[in-house]
1. Could you please find all residues in segment 73-91 being in a loop (DSSP other than H, G, I, E, B), hydrophobic (A, V, I, L, M, F, W, C) and either within 14 Å of the ligand (Cβ to nearest atom) or under 20 Å from Asp25 (Cβ atoms) (or both)?
2. When segment 92-113 is examined, which residues are found to be assigned to a loop (DSSP other than H, G, I, E, B) and touching a residue at least 12 places away in the same chain (Cβ under 8 Å)?
3. Being open to solvent by less than 40 Å² (accessible area, probe 1.4 Å), in a helix (DSSP H, G or I) and charged (D, E, K, R): is that true of Asp192 here?
4. Filter segment 31-40 down to the residues that are open to solvent by 30 Å² or more (accessible area, probe 1.4 Å) and in contact (Cβ under 8 Å) with a residue 12 or more places away in the chain, then identify the one that is nearest to the chain's Cα centre (by Cα).
5. Kindly indicate whether any position in segment 99-110 is open to solvent by less than 30 Å² (accessible area, probe 1.4 Å) and touching a helix residue (DSSP H, G or I) at 6+ places or on another chain (Cβ under 7 Å).
6. Could you look through segment 145-189, keep only residues that are surrounded by 11 or more Cβ atoms within 10 Å (Cβ to Cβ), within 13 Å of the ligand (Cβ to nearest atom) and hydroxyl-bearing (Ser, Thr, Tyr), and pick out the one that is nearest to Glu16 (Cα to Cα)?
7. Report, by residue number, each residue of segment 114-130 that is farther than 17 Å from Gly43 by Cα and either of a type outside the set (S, T, N, Q) or part of a loop (DSSP other than H, G, I, E, B) (or both).
8. Mind listing whichever residues of segment 63-72 are away from the ligand (no atom under 16 Å from the Cβ) and within 18 Å of Val165 (Cα to Cα)?
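The values are calculated or read from the model by the stated rules, or taken from the named source; none is laboratory data. These numbers come from a predicted model, not from an experiment. FYI the Cβ positions are ideal-geometry reconstructions off the backbone, even for glycines, and counts take in every protein chain you see. Each accessible area value is taken on the protein alone, full model and side chains, heavy atoms only, with ligands, DNA and RNA left out. Shrake-Rupley method; radii C 1.70, N 1.55, O 1.52, S 1.80 Å.
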Amino acid sequence: MKHAISDEALAQIFLEARTYNGWLDKPVTDEQLRQVYDVMKWGPTSANGSPGRFVFVRSPEVKERLRPALSSGNVEKTMAAPVTVIVAYDLQFYEKLPQLFPHKPAMRDLYASNAQLAEETARRNSSLQGAYLIIAARALGLDCGPMSGFDNAKLDEEFFSDGVVRSNFLCNIGYGDPASFTTRLPRFEFHDVCTLL
Ligand SMILES: Cc1cc2nc3c(=O)[nH]c(=O)nc-3n(C[C@H](O)[C@H](O)[C@H](O)COP(=O)(O)O)c2cc1C
């Protein structure tokens, strides 16, 4: 029997979860990153295509390879974060559909024959998967700091030179330093942006 999750869980995932700009000096283990992936992978994607590809950057050496692509405001926090994940997407995700969506072989051909549809589908669903990653990380007690302030082409040249995988956004992961954020910004009310028809 399903039931609403606890107020405490809701607070941790949404109501009190913040975007962090500073990080406590506390490591994140590879095992935790595997757990985050093993939770987020169950989030839904179009035709179960799972186009998201995730590069977890942990070492200072590889962080330095990110640096030239980052906008100036994102450098310090990215260098300080225990992990920065590159949320990317595979333009040829459809080649895995025979494994991921075996009951409908026509779906592979639909995407394989329409590069624009494949790109749009890969980008949309990797964005969703990036959101699942943020929620999964929070559910497992970690904090996140997503970022789109970087030069995608420059980063792709450095990390995805084959041209088949493209970056979507970056997300720092760690234990957030509460001293690093300011007053929470407002959100729209239901009546501002929602319509009941
Ligand atoms: C896709 C995405 C891209 C973002 N890009 C940046 C960025 O480049 N630099 C930055 O400082 N914050 C960035 N942010 C953080 C947002 O400004 C922040 O999540 C928002 O103001 C809500 O803050 P809160 O979670 O603390 O309420 C980004 C957030 C998202 C989801």
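1. Correct list: Ala81 only.
2. Scanning segment 92-113 gives Gln92, Phe101, Lys104.
3. no
4. Tyr37
5. No, segment 99-110 contains no residue that is open to solvent by less than 30 Å² (accessible area, probe 1.4 Å) and touching a helix residue (DSSP H, G or I) at 6+ places or on another chain (Cβ under 7 Å).
6. Filtering first and then ranking leaves Ser180.
7. Result: Asn114, Ala115, Leu117, Ala118, Glu119, Glu120.
8. Result: Arg65, single match.
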